[in-house]
Amino acid sequence: SLPEADDELAMDVSIDGVETLEQLKEHIKKQLKAQKENEVENKFAEDLTQALLACCKVEDSEALLQAELDLMLREIEMNLKQQGLTFELYEQFTGKNKDAIKEDIKDQAQDRVKLNAILAAIVEAEEITVTDEDREETLADIAKTYNRELEDIKNLFAQNMYQVDMDILNRKAMDVVK
């Protein structure tokens, strides 16, 4: 049988700041609203990306495509490691080697190369820059997302601040076209 929907149930779920059924209902409403807003924002960003890719002509670059494919392959490997898997195990499971996987993700890589070129052009045309405050805010967001200390995140990204800056510039460029 289901538990009674009351204040005792609300306290049993162990959510900070939730002690009553009314607070639990409010918490759930906020979570659902935030989730829906996030879905709408993601859909808008995806539609905007597709519109940019469709309308803007970008010259193909085999070197940039290969670099993006290598980057995406490293991202796949990092994701597998976070799940406690090895790339070799993934290859066995899928029956695909690195070349076959690269072929599978080639269209996505081409889109990423094209989008990066479009966003770089927007950054240049709009003279968009990254401030120390932008970096601090972005790193704080990452720390919050992964429930880590800000200093840990700063140390983690110290050698890759260029990537953080690129993400910030790309986000600002997307904001321009929104």
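The values are calculated or read from the model by the stated rules, or taken from the named source; none is laboratory data. Quick caveat, the model's predicted, so the values are computed rather than measured. Heads up, the Cβs are rebuilt from the backbone with ideal geometry, glycines too, and the neighbour counts pull from every protein chain shown. Please note that ligands, DNA and RNA were not included when accessible areas were found on the heavy atoms of the full protein model with its side chains. Shrake-Rupley method; radii C 1.70, N 1.55, O 1.52, S 1.80 Å.
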inquiry  = Filter the range 139-177 down to the residues that are open to solvent by less than 80 Å² (accessible area, probe 1.4 Å) and β-branched (Val, Ile, Thr) and list them by number.
reply    = Ile142, Ile153, Val164, Ile168, Val176, Val177
ask   = What are the pairs, 6+ residues apart or on separate chains, where a residue within the range 148-166 that is modelled with pLDDT under 95 has its Cβ under 6 Å from a residue that is outside any helix (DSSP H, G or I)?
value = none
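Here is a yes/no grid of residues against (1) of a type in the set (Gly, Ala, Ser); (2) touching an Asp or Glu at 6+ places or on another chain (Cβ under 9 Å):
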site: Ser1; (1), (2): yes, no
site: Glu4; (1), (2): no, no
site: Asp7; (1), (2): no, yes
site: Glu26; (1), (2): no, no
site: Glu37; (1), (2): no, no
site: Asn42; (1), (2): no, no
site: Leu71; (1), (2): no, no
site: Gln82; (1), (2): no, no
ask   = Before we move on, is Ala34 under 23 Å from the mean Cα position of the chain (by Cα) and loosely packed, with under 10 Cβ neighbours inside 10 Å?
value = no
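Report, by residue number, each residue of the range 72-98 that is free of Cβ contacts under 8 Å to residues at least 12 places away in the same chain and within 30 Å of Ile122 (Cβ to Cβ). If you could, list the steps in order and put the result at the bottom.
Keep residues of the range 72-98 that are free of Cβ contacts under 8 Å to residues at least 12 places away in the same chain, which gives 74-75, 77-89, 91-97.
Arg74, Glu75, Met78, Asn79, listed by residue number.
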inquiry  = Residues to consider are Lys102, Lys33, Lys57; find the one that is among the basic types (Lys, Arg), in a helix (DSSP H, G or I) and under 29 Å from Lys172 (Cβ atoms).
reply    = Lys33
remark   = Among Gln82, Gln31, Gln23, the single one that is among the polar types (S, T, N, Q) and at pLDDT below 90 is Gln82
ask   = When residues of the range 72-90 are filtered for being exposed (fewer than 13 other Cβ atoms within 10 Å of the Cβ), under 22 Å from the mean Cα position of the chain (by Cα) and part of a helix (DSSP H, G or I), how many remain?
value = 6
note = Residue pairs qualifying under the 6 Å Cβ cut-off, at least six apart or on distinct chains, with the first in the range 14-27 being over 16 Å from Glu4 (Cα atoms) and the second being among the acidic types (Asp, Glu) and open to solvent by 100 Å² or more (accessible area, probe 1.4 Å), are none
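Looking at the structure I just gave you, is Lys102 touching a helix residue (DSSP H, G or I) at 6+ places or on another chain (Cβ under 9 Å) and open to solvent by 50 Å² or more (accessible area, probe 1.4 Å)?
no
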